[in-house]
1. Looking at the chain, which longest stretch skips every one of the trypsin sites (Lys or Arg not before Pro) that is in a DSSP loop with at most 14 other Cβ atoms within 10 Å, leaving the sites themselves out?
2. Under 30 Å Cα to Cα from LYS257, which lysines show up? Leave out anything in the same chain fewer than 8 places away.
3. Which one, MET53, MET82, MET333, has the greatest fluctuation when you compute a Gaussian network model over the chain with C-alpha springs under 10 angstrom?
4. Can you give the alpha-carbon Rg of region 213-344 over 2.2 N^0.38 Å, where N counts its residues?
5. Could you line up SER296, SER242 from fewest to most neighbouring Cβ atoms inside 10 Å?
6. If I stretch the segment between HIS288 and VAL331 completely, what's the gain in nm (0.36 nm per residue apart, minus their alpha carbon distance), one decimal?
7. Below 8 Å, C-alpha to C-alpha, sequence gap of six or more: please give me the relative contact order for region 301-424 in percent.
8. Which residues make up the longest stretch of the chain clear of GluC sites (Glu not before Pro) that lie in a DSSP loop with no more than 16 other Cβ atoms within 10 Å, not counting the sites?
Amino acid sequence: MTSKEMIELSTRHTIFEWSAQGAMDPIPVARASGVYFYTPDGKRFIDFNSQLMCVNIGHGDARVVKAIEAQLAVLPYANPFMATESRAKLGAKLASVTPGDIDCFFFTNGGAEANENAIKIARAFTGRQKILARYRSYHGGTAGAIAVTGDPRRWTEPPLPGIVHVLHPYRGIARGWDSAAEALEYLDEVIQLEGPKQIAAFILEPITGTNGILIPPDGYLEGVRAICDKYGILMICDEVMSGFGRTGAWFAVDHWKVVPDLITMAKGLTSAYVPLGAVGLRRPIADHFADKVFPSGLTYNSHPLGCAAALATLAVYEEDGLIARAKERGVLMRSLLEDLAAKHPSVGAIRSIGLFGIVELVRDRAKKVPLAPFAGSSPEMTALGRFFRDEGLYTFVRWNSFFTNPPLTITADELREGFAIIDRGLAITDGAVPD
């Protein structure tokens, strides 16, 4: 297909998510390799967002493609009441890389379903119904996952009963961060006011993803773990976006040596080559269901193709040393982000850990006035997004921010290539800052 044909048929006959359909102007994509993808007309984009922060091993890795083909040739599907080799091996492999005594897994179709099932597991295990969640969070678009989400995508949804939102330690670019002690004191107070014995779980992204790459202060996650233990509340860590090397560790919680009770994952699990998610359970929680019915099921649970793709992807992380490489490249990316902050007056804040990064833009650096309002845009942010697209750089431009989340395979030269485009583009936003 030509680019025009691809766009015309896609916009006429398919729905694009989280968008007014009449405003859609999708990038047509014909093929991809490494950190680049191409339109049918041959225009090259450097993928600075790993698509949806998920293509961690880069596009088109032959080893994963071969594993998918081999599984298709032998066993394309088996129903989830059956045992398969790829399912058996993947469960054992994940047990070797997940934190602590998490060693049992329920496989889903993606991250939203993983979070949805983590909520169900927590309620079934504890016999309690309330779920704590944070503002400035995203957990998925299904009924339960969107209910615990704490960003504007939740606003139009009817609430799922029993969800209680608490403030994130990050209070916006102008106010900054609460200390770990302040945030934990507040969390403990909310728990007491809601009734500790009514709360099944606290679900949180250890490092918040689409709502700002928010890296918690040291002591915060450790404190959350202690508070959950104090009240018998399960700690659910959503590692859908931050897992599998994105932060320079297998999982974000590894930076603070915290073991959650339930851990959810997807995206980097298969590098998005095939849809697959999972909920990881600590052994006592898994053992609870030895003589009690597990309260969930999916036609594609433990799909052989997804499991085979995940096994091959995990092998790529290890064979190519991508976890350590993300940490190393993250040092360079942090330096390049600091260069942007030093040069451009519209850069109000930078945050990164590994290859998980963001830039927040402002109209006034001293007063920290965002360049676009919360949940909104501005002419300057729209122009910056258009510049990136015209120059062949793909990343998310959201509200007053843009992201720097390239594949973990990116080279130093490729990283500098992307930042050179960003550097030129920020001339647009610098023009909004008074002299």
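Just so it is clear, none of the values below were taken in a lab; they were calculated from the coordinates. What you see is a predicted model, and the numbers here were worked out from it, not measured in a lab. Cβ sites come from the backbone with ideal geometry, for glycine too, and all protein chains shown count toward neighbours.
1. The longest uninterrupted stretch comes out as 1-170.
2. Leaving aside lysines fewer than 8 places away in the same chain, those within reach of LYS257 are LYS89, LYS93, LYS120, LYS130, LYS197, LYS230, LYS267, LYS327.
3. MET82
4. Scaled against compact globular proteins, the figure is 1.26.
5. Taking fewest neighbouring Cβ atoms as first place, the list is SER296, SER242.
6. 11.2 nm
7. The normalised contact order for region 301-424 reaches 22 percent.
8. 18-390
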